[in-house]
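Undergrad: Have a look at this one before I ask anything.
None of the figures in this text is laboratory data; all of them are computed from the coordinates on show. Note that the structure is predicted; figures quoted are calculated from it, not measured. When we count neighbours, we look across all protein chains shown, and the Cβ atoms used for this are built from the backbone with ideal geometry, even at glycine.
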Amino acid sequence: MARRAPQRAEVVSTERITPQMIRVVLSGPGGAPLAVDPAGNTDAYVKVILPRPGSGVVEPFDVEEVKARIPAEDWPVMRTYTIRWFDAETGQAALDFVVHGGEGIAGPWAERVQPGDQVQLAGPGGAYAPDPEADWHLLVGDESALPAIATALEAMPEGAKVHAFIEVADPAEEQTLLTSAHAQVRWIHRSEATGGPGEDLVRAVTDLEFPPGRVHAFVHGDAMTVKELRSWLRFTKGVPKEDLSISGYWRRGNNDEQWRAAKKKWNAEVEAEELARAAS
Ligand SMILES: Cc1cc2nc3c(=O)[nH]c(=O)nc-3n(C[C@H](O)[C@H](O)[C@H](O)COP(=O)(O)OP(=O)(O)OC[C@H]3O[C@@H](n4cnc5c(N)ncnc54)[C@H](O)[C@@H]3O)c2cc1C
């Protein structure tokens, strides 16, 4: 299948919604609509194409022309961001960026962009929406998965039963979440004192007394945490793979290129471990 060319976008506005989360609202060039309809997926995402700092590449650029001209280590990078909302009337979309210190390319980009700045997007992709047939829903993640969790909560119908566990740095990172569902949301504050990132989140989730019936689970965020929860959900709780949307959105100590390069092998190792466990 032919690869769709990236689409051009323009920054409409930016807003610091919490100390470490910046919302960037995008339109097409000159306010035209973007073609990023999430098609019902609450985890819909785009790949944001960003120049590497110091590479001399600036918008507007043509990705293929740049790749033909400069060494690979200077090529623009792609970073994946959830579509927090898409307004079908205006064709505008919002992406929420975690700013994790001064590190990385996308976080600092979100901090410095201004209305009118240009950027290119690939996608959208997406694969999860809460299953209306499920008896209850489990939503788990860190800040990187918070946009998808918030979007899923908004899409849940009245009466849906939801347990959500969200790990953030501290109380200032909590957001107001809107939902018609019967949702119990637990905010977990990251703490080195109790074992470091992910530890309290895993503890809180594994302490949950599972409600009866079939669960549909969405678990994303730091790969190490996700791996632990995947194993627990599959083997301790017997949740079938088909009822799990689960993956590492990023991995501590890896930038996105490193994580994407390692992800296939990592996933194969997790699968192999699970098969061995299932056979024993
Ligand atoms: C389908 C999908 C949807 C995603 N949606 C979102 C989203 O809506 N919002 C969002 O913020 N992220 C989201 N992510 C995660 C995001 O793509 C990664 O966090 C990405 O690595 C950030 O790029 P960067 O250039 O800021 O940092 P990188 O250059 O990739 O990494 C630099 C350093 O920062 C660390 N790092 C990366 N991400 C984080 C983090 N979240 N917290 C702490 N340290 C980090 C890395 O381990 C590395 O050490 C999503 C990922 C996927 C696969």
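Undergrad: Let me know the shape class of the stretch 136-279, please: from the alpha-carbon gyration tensor, a ≥ b ≥ c as square roots of the eigenvalues, rounded when a/c is under 1.5, otherwise prolate if a/b is greater than b/c, or oblate.
TA: Oblate, since a/c reaches 1.5 and b/c is not below a/b.
Undergrad: Please give the Cα centre distance for the stretch 126-146 versus the stretch 213-267, rounded to the nearest Å.
TA: Result: 13 Å between the Cα centres.
Undergrad: Further question: For the stretch 1-123, what is the relative contact order in percent, using Cα pairs closer than 8 Å and at least 6 residues apart in sequence?
TA: Relative contact order, the stretch 1-123: 40 percent.
Undergrad: Classify the stretch 60-107 from the C-alpha gyration tensor, please: rounded if a/c falls under 1.5, else prolate or oblate depending on whether a/b exceeds b/c.
TA: Verdict is oblate for the stretch 60-107.
Undergrad: Pairs of lysines 8 or more apart, or on different chains, with alpha carbons under 30 Å: count those in the chain, would you?
TA: Close lysine pairs under the 30 Å cut-off: 23.
Undergrad: Also, I was wondering about something else. Using modelled backbone amide H atoms (1.01 Å from N, in-plane), which distant-in-sequence or interchain residues come within less than 5 Å of F97's amide H?
TA: I22, R23, V24
Undergrad: Within the set of other residues whose C-beta is less than 14 Å from the C-beta of R214, count the net charge using Lys and Arg as +1 and Asp and Glu as -1.
TA: In short, -2.
Undergrad: So, one more: How much length, in nm to one decimal, is gained on full extension between F210 and A72, taken as 0.36 nm per residue of separation minus their Cα-Cα distance?
TA: The span from F210 to A72 would gain 44.8 nm if fully extended.
Undergrad: Mind sorting V57, V119 by how few other Cβ atoms lie within 10 Å of their own Cβ, fewest first?
TA: The order, fewest Cβ neighbours first, is V57, V119.
Undergrad: Once you keep just the Cα pairs under 8 angstrom separated by 6 or more residues, what percentage relative contact order results for the chain?
TA: 17
Undergrad: Do any GluC sites (Glu not before Pro) in the stretch 30-104 lie in a DSSP loop with no more than 12 other beta carbon atoms within 10 Å, and if so, which?
TA: E89, E103
Undergrad: Once both axes come from the Cα atoms, what is the angle between helix 256-279 and the longest principal axis of the chain, in degrees from 0 to 90, rounded to 10?
TA: On a 0 to 90 degree scale, this one is about 20.
Undergrad: Once the Cα atoms of helix 146-155 and of the chain are each reduced to a long axis, what angle between those two axes, in degrees from 0 to 90 to the nearest 10, is obtained?
TA: So the helix axis and the longest Cα principal axis differ by about 70 degrees.
Undergrad: Calculate for the chain the 222 nm mean residue ellipticity that helices alone would give, adding -39,500 (n - 2.57) per DSSP H run of length 4 or more and normalising by residue count, nearest 500 deg cm²/dmol.
TA: Per the formula, -7000 deg cm²/dmol.
Undergrad: Here is a follow-up. Please identify the longest segment of the chain free of exposed trypsin sites (Lys or Arg not before Pro), where exposed means a DSSP state other than H, G, I, E or B and no more than 11 other Cβ atoms within 10 Å.
TA: It works out to 5-280.
Undergrad: Can you give the FRET efficiency to the nearest 0.05 for E158 and V185, using r as the Cβ-Cβ distance and R₀ = 25 Å?
TA: E between E158 and V185, to the nearest 0.05, is 0.95.
Undergrad: Taking the Cβ of E274 as the center, what net charge do the other residues with Cβ under 12 Å away carry, scoring Lys and Arg +1 and Asp and Glu -1?
TA: After counting each charged neighbour, the total is +2.
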